[in-house]
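To keep things clear, I will list the structure first and then write my remarks on it.
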There are 2 protein chains.
Amino acid sequence: VTKEQRPDLSEHLTCAHALADASAAAILPYFRTAMAVNNKAKGRDFDPVTAADQAAEAVIAKYLKEKRPEHGIVGEEFGNHQAGARFKWVIDPIDGTRSFIIGTPMWGTLIGLLDGAEPILGIMNQPYTGERFWSDGSASFMSAPALPSPTRLATRRCPILRDAVLASTHPDIFAPGPEREAFTRVKTEAKLTRYGGDCYAYCMLAAGFVDVIIETSLQPYDVVALIPIVEHAGGRMTTWSGGSAAGGGQIVACGDPALHAKVIDLLAG
Amino acid sequence: VTKEQRPDLSEHLTCAHALADASAAAILPYFRTAMAVNNKAKGRDFDPVTAADQAAEAVIAKYLKEKRPEHGIVGEEFGNHQAGARFKWVIDPIDGTRSFIIGTPMWGTLIGLLDGAEPILGIMNQPYTGERFWSDGSASFMSAPALPSPTRLATRRCPILRDAVLASTHPDIFAPGPEREAFTRVKTEAKLTRYGGDCYAYCMLAAGFVDVIIETSLQPYDVVALIPIVEHAGGRMTTWSGGSAAGGGQIVACGDPALHAKVIDLLAG
């Protein structure tokens, strides 16, 4: 499918913004309340699912099934609705659930759209701060209460790892052994490492304040919305081996494509 | 000095809020701009001082020298002005400078007041989100754009470490050897660990969403403002050996005093 054959994306983008608005209204009443945190995982692992996730899931699924009945839906809380559809919404109601439950604003609602296997637009919505980051398929933008109008996002130049700010959600996500060693090789060279970002870090990379993000064990719904935001701001986002990031797994994003090539080499060892 | 001998704190609290307002106006124009980041540290260490720090320092020092000429000022950017004064303002214009420079809101302005060696009131101001956390010396509060009026902060009950959410700024702050082993003993038992919080994490502890914070190598200006906020919300904040936290160093804060006693024991080994 080429851009020429693709229907006008503006209608899809309007739908994505409507989903962001509706999910924000569903989620915010639960933020910083002593909501029930269910524990999906067995034993000592902690995988919280909050009432907020479920409330957002319900409004998103209802909206899409009514307004876009021919589209598929993919997500942790959604399963895989209409897996054969050409257009599939890939959604994480709360990316960064751990940040959500500790009361910080380092979480967001991820709303992405696939055309076949290709992420074509995406939104990261942070309803507490009122910030929204998105790509319309050709550029990336942010809006915020402090901004008079949406601002174009652009990554910054940073071709050298020694000058780079590295972000990752948590050091413990990397399996001991080769995976952790690969991360450590990059971390050791980088200027500064920050943890705790989740989806927020990718938006800060698109905005030109973070240079490289390295993660692992990601799901498609963790990344599909973010890929257009990063790439249409000038960055590169792939798997550690340079393939499409849309399937998740081991992910590397860089604001500067020249840095991306070097980091891929360093991760490979 | 007993509470009875202490002058009414409300005038000092008004001064603290005025400093928060003035510093916010000085800092915000620099947030998420490509401001010059000076590197104070030699070699590979990265210790950023931004133009925002310096702008906030200037307005705070000017205000205090005019309105409270008899008071001392302590802080990274201030040195130690009038070290012999009974009342000393202990100030960090931007606590969480690394979060500031990567564009996330996990930083704040810390404004504390010592009466002799005792922290008697404190503010953590987050001007980008519009959130303010403070203690008036007998209770703790927060205000935010989403709240119709200031809300009383209260820590949550969590007497058992296995149920606790642990926060710390960065795993690499702990020196390899006994210090890192002590942190790891607590981390291994805790339910969940989050990094990247700085002052914001202490406020989330005061609000009942984080249960334990463990840090090291802190300065007085990193902690003095936070001690009244944590303690008047029902928490305990001390050094790892249980002494006054006001001097900085190795710090442990817990929302539940019963948990604090257990964490102190575990840190001691």
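The values are calculated or read from the model by the stated rules, or taken from the named source; none is laboratory data. Source: prediction; values computed, not measured. Please note: Cβ atoms are built from the backbone with ideal geometry, for glycine as well, and neighbour counts cover all protein chains shown. For accessibility, only protein heavy atoms count, side chains too; no ligands or nucleic acids. Shrake-Rupley method; radii C 1.70, N 1.55, O 1.52, S 1.80 Å.
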Provide an ascending nm list, one decimal, of label-point separations from residue B:117 to the equivalent residue in each further copy; define each label point as 7 Å from Cα along Cα→Cβ. 6.7
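With a cut-off of at most 15 other beta carbons within 10 Å, and DSSP calling the residue loop, which trypsin sites (Lys or Arg not before Pro) in the stretch B:145-199 qualify? Please list them. All intermediate terms of the calculation are to be shown ahead of the outcome.
Details: sites: B:152, B:156, B:157, B:162, B:180, B:185, B:187, B:191, B:194; in loops: B:156, B:157, B:191.
For trypsin sites (Lys or Arg not before Pro) across the stretch B:145-199 that sit outside H, G, I, E and B with at most 15 neighbouring Cβ atoms in 10 Å, the list reads B:157.
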In Å² (nearest 100), what accessible area is buried between B and A, both sides summed, heavy protein atoms only, 1.4 Å probe? 3200 Å²
Can you tell me the dipole magnitude for the stretch B:171-261 around its Cα centre, using point charges on the Cβ only (Lys, Arg +1; Asp, Glu -1), in Debye to the nearest 20? 140 debye
With bins of 5 Å, the percent of all Cα-Cα pairs of the stretch A:37-166 per bin from 0 is 2, 9, 15, 17, 18, 17, 12, 6, 3, 0, 0
Counting only protein heavy atoms and leaving out ligands, DNA and RNA, the solvent-accessible surface of residue B:71 at a 1.4 Å probe, in Å² to the nearest 10, equals 10 Å²
At a probe radius of 1.4 Å, what is the per-residue accessible area of residue B:97, in Å² to the nearest 10? 20 Å²
If you keep only loop residues by DSSP, which trypsin sites (Lys or Arg not before Pro) in the stretch A:53-147 have at most 16 other Cβ atoms within 10 Å of their Cβ? A:86
Have a look at A:74, A:142, A:125 and report the one farthest towards the positive end of the charge dipole of the stretch A:44-185, computed about the Cα centre with Cβ charges (Lys/Arg +1, Asp/Glu -1). A:142
What does the accessible area per residue of the stretch A:128-269 come to in Å², with a 1.4 Å probe and no ligands, DNA or RNA counted? 35 Å²
Could you compute the FRET efficiency for residue A:152 and residue B:152, with r as their C-beta to C-beta distance and R0 at 41 Å, rounded to 0.05? 0.45
Sorting from shortest, the nanometre distances separating the label point of residue A:175 (7 Å past Cα along the line to Cβ) from those of the same residue in the other copies are 3.6
Summing +1 per Lys or Arg and -1 per Asp or Glu among the other residues with Cβ less than 14 Å from residue B:140's Cβ gives +1
Taking GluC sites (Glu not before Pro) as exposed when in a DSSP loop with at most 14 other Cβ atoms inside 10 Å, chain A has its longest clean stretch at A:71-269
Output the relative contact order of the stretch B:188-269, whole-number percent, from Cα pairs under 8 angstrom with separation of 6+ residues. 29 percent
Helical segments meeting 27 Å axial Cα length and Kyte-Doolittle -0.5 threshold in chain B (DSSP H): none
When each copy gets a label point 7 Å from Cα toward the beta-carbon at residue A:269, what are the spacings between them in nm, shortest first? 3.4
What percent do you get for the relative contact order of chain A when only Cα pairs under 8 Å and 6+ apart count? 16 percent
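Take every Cα pair under 8 Å in the stretch B:114-269 that's 6+ residues apart, average their separations, divide by the length, and report that relative contact order as a whole percent.
Relative contact order comes out at 26 percent.
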Under a point-charge model restricted to the Cβ atoms of Lys and Arg (+1) and Asp and Glu (-1), what is the dipole moment magnitude of the stretch B:55-201 relative to its Cα centre, in debye to the nearest 20? 420 debye
Of the accessible area of the stretch A:111-269, computed with a 1.4 Å probe and all protein chains kept, carbon and sulfur make up a percent value of 54 percent
